[in-house]
Structures are given as structure tokens and as C-alpha cells.
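The next block holds one structure in the form of C-alpha cells; read it before the comments.
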Amino acid sequence: MTAVLRLLLVGWWLQLKMRSRSAFDGILAIVYPLFFATSVLLMYRQGGSESALIGAAVGASVLGVWSAVATTASTSLQQERRLGTLELLVAAPTRFALLVVPMTLAMGTIGLYSLVATLLWGRFAFGIPISLGHPLVFALASVATAVGVSLMGFLLAVSAVRYRGAWALGTAFELPVWLVCGFLVPIAALPGWVRPISWVLPPTWGVAAIRHAAFGGSPWGDIALCLLLSVLYAVVGTWLSGRLVTSARTHATLALT
Amino acid sequence: MTSVRVFFIGGWTSYRALFGWLSPWILIPTFIIEPVFQILFFAYVGRDAGVGDDSFFLVGNAIQFASIPCLFAMGNTIGGERYAQTLGLLLVSPARRVPLFLGRALPVIVNGLLCSLIALGLGAAILRVSIPLDSLPLLALVVAVSSFACTGLGLVAAALALRVRETAVLSNLVMGVLLIFCGVNVALSALPGWMAAVGRVLPLTHGIEAARALVSGAAWSNVRGLVVDEAVIGLGYLVIGLAMLKWFEVESRRSASLDRA
């Protein structure tokens, strides 16, 4: 158990250092959601409702958490393949999933930078007065959301390993998740058939928890659901990665796409 | 004749060779799913914020999406060649630069046009926005001119790619600027003055305004000026882009930095 935790921690730290220095994974992951957040905040400011603007500032801050993971997670194993390190990861005595999870956790951590950057952007560029109801619980809810998003990214990463255009898959998921998980628009405002999809996605509960922590209400149930779904995604991802690695070894297709 | 061949055949070959977009596995998520969801995202945000109507966000975002292939493809014109280690071979060739680079722009303009029109059609069907049928030819013309203008800006990005390694990051940043400043989701009249002023010298702004007017039933005579402005802005960026390409090419040769950028 200690060895697994050490592996996750060291892997996360190594990936975080590497990705933070990448213009695409690091800088763009923080700046890109700011463009969407700015557009959204301009819209709400035009709408004229102060409370809606504050709510939008909090919702917009979470956009970047998913942005930091969506495209990069889907391409992470392609990148390992391109660098010639995918075979080494598969051949390692450690379970393959334990080597991929730190990658997406690092992406989620960069997403947390983006969350903070967007909140500060709203405060200083738009003068939005955000007073968090429970700052510590807000931080906890944000971390739970980042974990949920990271493990969703983990499932995406292992699912896309056989897909040559994996980056396109990640890009295509970016905006639907923003919409379906109620980052800005309440889920109740979406068509009824969308809601069951929202319920099985961890960010839905993470965003709800963040809102509750910021504006009052109890976030604990939402945090618990977010983490529970995250564990479920981790289990499915681990099983799937095992199957894919076995298949790739059996058919000698690891290096092929 | 050689220049004509470089323009058409060279441009088409480059387009096919450099981009994997011809695969439906990439083309559909990138050029259909993403723009449609961008339209839906902003339409729902607009409803929640109580601003604009679905038609406003449909037209703004559908036309803004023409910029994606135009910016990324032109940026990749340089970045992709460098990645394939053919940039040096390309620039050492005796081919004239204007047909060489403009030939690469032509398929991209068509790509931007189709991408935008498909997004417009699908978005209109999902949001149940009715677009007057008689406005469609003019709407297609406006989108084509907007794609041309974005390709001009894309050529500037392509030139910068001779100096900047991360062309994808550069194109994303330019796209973000267009999203905010061009009246895509917030009308120019509702933007701060300095932002509106910046928007007026960027591609897309006049095209989006003209398209919105056409969808509202305006006649060609009412939007002709806007379309001309959009074309002139595109032409301006095209000239600047070609000049920058020339300058950076000379500089790259002088400082032997072509593959180091």
C-alpha cells in the first residue's frame, strides 16, 4: 500500500513538473479557459444581475479544470507512444493503471491553477466581489472536483489508446461536459433526457459542491457523490486498461494505432 | 504555369499531407461536434444570463468557427513542415512564395466555409432557429469572405510560426482573442469602447454583423459595406502575412534558426 501511494505521489509530482513547463499543457490550460470565462462574464454583466454574475464567476472558474484534462488526457498515451515510452510503461512490473492515474491527476492539478486564475481574473478584471461562504470547504470541494475530473480523464485516456485521432475525441468532449455538468447553466434548464447523463459524471456533483461551499448549503453529499463516482471511474478504467494491455500484447499492436 | 500548378496542386497536396482531418474520426468531432456544442453552450448561457436570443449565438458562433480551420491549418503550414523536417526543403525551393502559401490557403478557406455552414445548419435545426431560405446564398458568401479574412490572419500566425515553436498554442490564443473581441457572443455595442475598437480591425467582426443582419431579413444593399470591410481587412492581413513570411524567412536563413524556432 505504501509503495502504491509513493508511486502515485512521485508520478504525480514528476508529471506536474513536466506538464507545468509545457506551453500547451501548462500555460494554455490556464489561459484558454480564461477566454471562454471572459466571454461568459461579459454576457452575464450585460444581463445586469449581480448575483448571476457572481454565480457565473464561480461556475466559469471550474471550466478550466475540465479543459486542463480533456484534450491532454485523451492524447497522453499517444504522446507516450510517440516518445517511445509506452512499451516501457506496459513492460514495467507495476500495474499499468497506476502509471496513468498520476498523469491525469497532474492535469487536474493544473486545472486547479486555472480555477484560481479565473477567480482572480473575475475579481480584478471584472471587479466581481466573491466572498466564499466556507473557504476551506470550497477548497476541499475544488480538490474533490479535480480528483473526479482527473479520474474521468483517466478513463478517457485508456479508452483512447487505440484511437489515432485521440486529441479530436478529447476536444469534442470539452464543451459538452461544460454544458451537461451544469458548470454555468443549471441542469434543470437542459432537456430532460440530458439529466441522467449529468448524474453519472463526477464534475456535475463537484460543481454543485463548489457552488454550495461558495454560496451556502451543505456540499458534503455532493462531495461524497463526486468521490464515489470517481472511484467507480477508476475501477472501470483499471479494468479496461488491463484488458487493452493484454489485447495489445496478444496481438502485438501496442506500437500501432 | 508553374505558379498555377504550385497554387492548386501544391496547395491541395499540402492540405492532404499535413492534416489528418480527412479521416471522419477526426473530422466529425473537430468540425461538427465541437462547433455545434459551442453554439449550444453559448445559447444556453445566453438564455441563463437573459441576453441575446438563440439566433444571435447561432450566427456568431457558427461563423466564429470558420476561424478554427483557417487559423490552425495555416499555423500548421509552417509547424507541420518543421515537424516533418521538410521546412528547409520547402523554403530552399525556387517556387514563388505567393502561390506557394496562397495555394495552401485555398483548401483551408473552403474547409472553413463548409465547417461554418454545417454548424449553422445543425445549430439552427437543434435550436429551431429559422433562417430565411432566400438569405442562404448571401449567407454563404458572407461566410466565405469571413473564412478568407480569417485565413489572412492565419497567414500572419503562419509567419509567426517561423519564430514560435508552439503553433497550436499560438492559434488557440488568436482564436480566443477573436472569440472575445469580434462580437461573437456580446455585441460590439455592449463591449467596452477599446474592445470594440480592437474588434473592428479583426476578421470576423463585420462578417458576423452582416450575417446576423441577413438572418434578420436585411437586403444585400444593407450589408454590402460590411462584407467589403471584411474582405478589405482579410486582404490587409494577407498582405501583412506574406510580408512577414518573407521577412522571417530571410531572417531565419541569416541566423540559421529555421529548425530551432
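What the table shows:
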| read-out | value |
| --- | --- |
| Computed helical MRE - 222 nm, the protein assembly as shown, DSSP H runs ≥ 4 contributing -39500 (n - 2.57), nearest 500 | -25500 deg cm²/dmol |
| Residues in region A:134-175 occluded by at least 30 Å² - accessible area, probe radius 1.4 Å, against chain by itself | A:Tyr163, A:Trp167, A:Ala168, A:Thr171, A:Ala172, A:Leu175 |
| Average projection area in nm² (convex hull over Cα atoms of chain A, one quarter of hull surface) | 14.0 |
| Cα centre as origin, Lys/Arg/Asp/Glu Cβ charges: region B:2-255 dipole, Debye | 860 |
| D_trans [Stokes-Einstein, Kirkwood Rh over alpha-carbon pairs] for chain B, 10 °C, 1.306 mPa s, µm² s⁻¹ | 85 |
| Whole-percent carbon and sulfur share, accessible surface of chain B, 1.4 Å | 68 |
| Accessible area in square angstrom per residue, region A:98-257, 1.4 angstrom probe | 42 |
| Cα-only radius of gyration and Dmax that characterise region A:155-200, units Å | 12.8, 36 |
| Between A and B, accessible area buried - total, square angstrom, nearest 100, 1.4 angstrom probe | 3100 |
| Residues in region B:47-64 occluded by at least 30 Å² - accessible area, probe radius 1.4 Å, against chain by itself | B:Asp48, B:Ala49, B:Val51 |
| Any cysteine of chain B lacking a neighbouring Cys Cβ under 4.7 Å - listed by number | B:Cys115, B:Cys182 |
| Fraction of accessible area attributable to carbon and sulfur, chain A (%, probe 1.4 Å) | 71 |
| Residues in region A:15-45 occluded by at least 30 Å² - accessible area, probe radius 1.4 Å, against chain by itself | A:Ala23, A:Phe24, A:Leu28, A:Tyr32, A:Phe35, A:Phe36, A:Ser39, A:Leu42, A:Met43, A:Tyr44 |
| Per residue value of the accessible surface for region B:71-121 (all protein chains in place, 1.4 Å probe), Å² | 39 |
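The values are calculated or read from the model by the stated rules, or taken from the named source; none is laboratory data. The model shown is predicted, which means the values in this text are computed figures rather than measured ones. Note: ideal-geometry Cβ built from the backbone for every residue, glycine included; neighbour counts use all protein chains shown. The protein model used for the area step is the full one, side chains on, heavy atoms only, and it has no ligands, DNA or RNA in it. Shrake-Rupley method; radii C 1.70, N 1.55, O 1.52, S 1.80 Å.
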